[in-house]
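The values are calculated or read from the model by the stated rules, or taken from the named source; none is laboratory data. None of these values were measured; they are calculated from a predicted model. Cβ sites come from the backbone with ideal geometry, for glycine too, and all protein chains shown count toward neighbours. Side chains included, ligands, DNA and RNA excluded: accessible areas come from the protein's heavy atoms. Shrake-Rupley method; radii C 1.70, N 1.55, O 1.52, S 1.80 Å.
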Amino acid sequence: MKLLHLFFGTFFIGCSFFGLGQTPELTPLSKISVLTCGPGEELYASFGHSAFHVQDTSLGIDVVYNYGIFDDSSKYFYLKFIQGQMDYRLARQRFPRFLAEYEYYDRWVKEQDLNLSLIERNALFRFLERNNLPENQVYSYDFFFDNCSTKVWEVLKTSLGDPLVFDDTYLKNKFTFRQLIHQNLDTNSWSAFGIDLALGSVIDVEATPEEHMYLPAYTLEQLQTAKLNNEPLVSSISVLYQSKSLHKSGSFLMTPFFWLLVLLLIVVFVTYRDFTKKRRSRWLDFTLFFVTGLAGVLLLFLWFLTDHSQTVSNFNVLWVFPINVIIAFIMVKRTTPPEWIKKHLWTLLVLILIIPFIWLFKIQVFSPLVIFILLALGIRYLFLQHLMGQPEIYKSK
């Protein structure tokens, strides 16, 4: 992917001004800036991007230091992704190529020129070059705490030291980590629904002003107010590319709202028909129990068996109940279920009733779309509970 595309450009850049393996000294004509890029269509690009831009016309330097490179063709990539063991790396790219990519995908790009002395520019430049050595390029990615955006402040603070002062009053309002995610995703999207399902209550705490900077837009805001040697860190800001199109909205028929509403209507219709005809649609019971059980097993896997710190304490397991994956094979049989199934159904109903209180007290915020599923499950569980005293119906269909 990007890793392969970058190789040759990086190689020739290296040969052009680092032929002897030594970092040159920037001249007074040099300039260092921070690039902030707008969101893209892909999920990994939905939150924008940040990078450093180093220029020196007298040395022929015009490069971007990009901490957002990953290789999805690497061995066991998707397994590592699921387990939270993603490795990202720093890459040095030619600026025209970097900008052309964002123009191609129609993502806006803003540039903040940093108000640095020549000594400070060289200190930052040397730090970036050391980070670009093969032994230093790779880092363990964390969506909230160690990504391309958080790297900007980390690099600046490490290379510039105490004279760089963080302004914790730059925010008018503070948000939780989940709220910050939803600022970049449409609630009625499969991406937002999946994230709300997979991530636990730990992301429903208010982020500190510095933690907001896991999103590039907030890093941009902070740089505008930060001070270096009691002077503004940013000397100017400019738009290098302005997106030409508005956000593209997909078809309503492809949204989770539509399909989950369809699910609710199907459950209501089939359950009403079963009730009036005194029958039981075993295919529906198997589907509901198996899917919710399988989802519950996945959430437990993310909670206990991966390195993700944001998938723990996930109260979605109250309705995607892992044991349901076993219950599904009992409910698909024509034989009358064992007596303990009645207690299990009551337990599922109680757990569903607990969810609104967890939501109300903001212990964990759920996707609003989950309401359709909870109603569907509640209706079907109540119907099955009603049938427990009529074993002949359990054997039908």
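Tell me, which helices (runs of 4 or more DSSP H) wholly within the stretch 1-105 include 2 or more residues that are modelled with pLDDT of 60 or more? Quick ask: steps written out before the conclusion?
Numbers: elements: 2-17, 77-83, 95-104.
So the answer is 77-83, 95-104.
If I filter the stretch 236-246 for residues that are crowded, with 19+ Cβ neighbours inside 10 Å and either hydroxyl-bearing (S, T, Y) or closer than 30 Å to F166 by Cβ (or both), do I get at least one hit?
Within the stretch 236-246, the first condition is being crowded, with 19+ Cβ neighbours inside 10 Å, and the residues that meet it are none.
No, every residue in the stretch 236-246 fails to be crowded, with 19+ Cβ neighbours inside 10 Å and either hydroxyl-bearing (S, T, Y) or closer than 30 Å to F166 by Cβ (or both).
Is it the case that V320 is touching a residue at least 60 places away in the same chain (Cβ under 8 Å) and within 23 Å of W283 (Cβ to Cβ)? Give the derivation first.
On the way: touching a residue at least 60 places away in the same chain (Cβ under 8 Å): yes; within 23 Å of W283 (Cβ to Cβ): yes.
Yes, satisfied.
Here is a list: D146, D142. Which entry is under 26 Å from S46 (Cβ atoms), open to solvent by 30 Å² or more (accessible area, probe 1.4 Å), free of Cβ contacts under 8 Å to residues at least 60 places away in the same chain and not aliphatic (A, V, I, L, M)? Walk me through how you get there before you give the answer.
Numbers: D142 fails: free of Cβ contacts under 8 Å to residues at least 60 places away in the same chain.
So the residue among D146, D142 that is under 26 Å from S46 (Cβ atoms), open to solvent by 30 Å² or more (accessible area, probe 1.4 Å), free of Cβ contacts under 8 Å to residues at least 60 places away in the same chain and not aliphatic (A, V, I, L, M) is D146.
Exactly one of these conditions fails for A100: (1) surrounded by fewer than 15 Cβ atoms within 10 Å (Cβ to Cβ); (2) more than 19 Å from L35 (Cα to Cα). Give me its number.
Checking A100 against (1) surrounded by fewer than 15 Cβ atoms within 10 Å (Cβ to Cβ); (2) more than 19 Å from L35 (Cα to Cα), the one that fails is (2).
Please state which one of N115, N136 is at pLDDT 95 or above and in contact with a strand residue (DSSP E or B) (Cβ under 6 Å, 6 or more places away or on another chain).
Details: N136 fails: in contact with a strand residue (DSSP E or B) (Cβ under 6 Å, 6 or more places away or on another chain).
Result: N115 is the single residue among N115, N136 that is at pLDDT 95 or above and in contact with a strand residue (DSSP E or B) (Cβ under 6 Å, 6 or more places away or on another chain).
How many residues, within the stretch 166-188, are of a type outside the set (A, V, I, L, M, F, W, C), open to solvent by less than 70 Å² (accessible area, probe 1.4 Å) and farther than 22 Å from G68 by Cβ? Break it down into steps so the answer makes sense when it comes.
Taking the stretch 166-188 and keeping what is of a type outside the set (A, V, I, L, M, F, W, C), we get 167-170, 172-174, 176, 178-179, 182-184, 186-188.
Subset that is open to solvent by less than 70 Å² (accessible area, probe 1.4 Å): 167, 170, 176, 178, 182, 184, 187-188.
This time we only want the ones that are farther than 22 Å from G68 by Cβ, so: 167, 170, 176, 178, 187-188.
Counting residues in the stretch 166-188 that are of a type outside the set (A, V, I, L, M, F, W, C), open to solvent by less than 70 Å² (accessible area, probe 1.4 Å) and farther than 22 Å from G68 by Cβ gives 6.
Given (1) within 29 Å of the chain's Cα centre (by Cα); (2) in contact (Cβ under 8 Å) with a residue 40 or more places away in the chain, identify the lone condition not met by R280.
Result: R280 passes all but (1).
When only residues in the stretch 358-373 that are closer than 18 Å to V312 by Cβ and more than 19 Å from the chain's Cα centre (by Cα) count, which is most open to solvent (accessible area, probe 1.4 Å)?
So, considering only residues that are closer than 18 Å to V312 by Cβ and more than 19 Å from the chain's Cα centre (by Cα), the one most open to solvent (accessible area, probe 1.4 Å) is K362.
For the stretch 125-160: of the residues being under 14 Å from the mean Cα position of the chain (by Cα) and not hydroxyl-bearing (S, T, Y), which is nearest to L35 (Cα to Cα)?
Checked the stretch 125-160; the qualifying residue nearest to L35 (Cα to Cα) is C148.
Q310 passes all but one of (1) at pLDDT below 95; (2) farther than 25 Å from C148 by Cα; (3) surrounded by 15 or more Cβ atoms within 10 Å (Cβ to Cβ); which number fails?
(2)
Please tell me if P163 is over 13 Å from the mean Cα position of the chain (by Cα) and surrounded by 14 or more Cβ atoms within 10 Å (Cβ to Cβ).
The answer is no for P163.
Pick from the stretch 352-397 the residues that are among the β-branched types (V, I, T) and under 16 Å from D274 (Cα atoms): which of them is modelled with the lowest pLDDT? Give the derivation first.
The first filter runs over the stretch 352-397 and keeps only residues among the β-branched types (V, I, T), leaving 352, 354-355, 358, 363, 365, 370-371, 373, 379, 393.
Then drop every residue that is not under 16 Å from D274 (Cα atoms), which leaves 379, 393.
Numbers: I379: 98, I393: 62.
Restricting to residues being among the β-branched types (V, I, T) and under 16 Å from D274 (Cα atoms), the top hit is I393.
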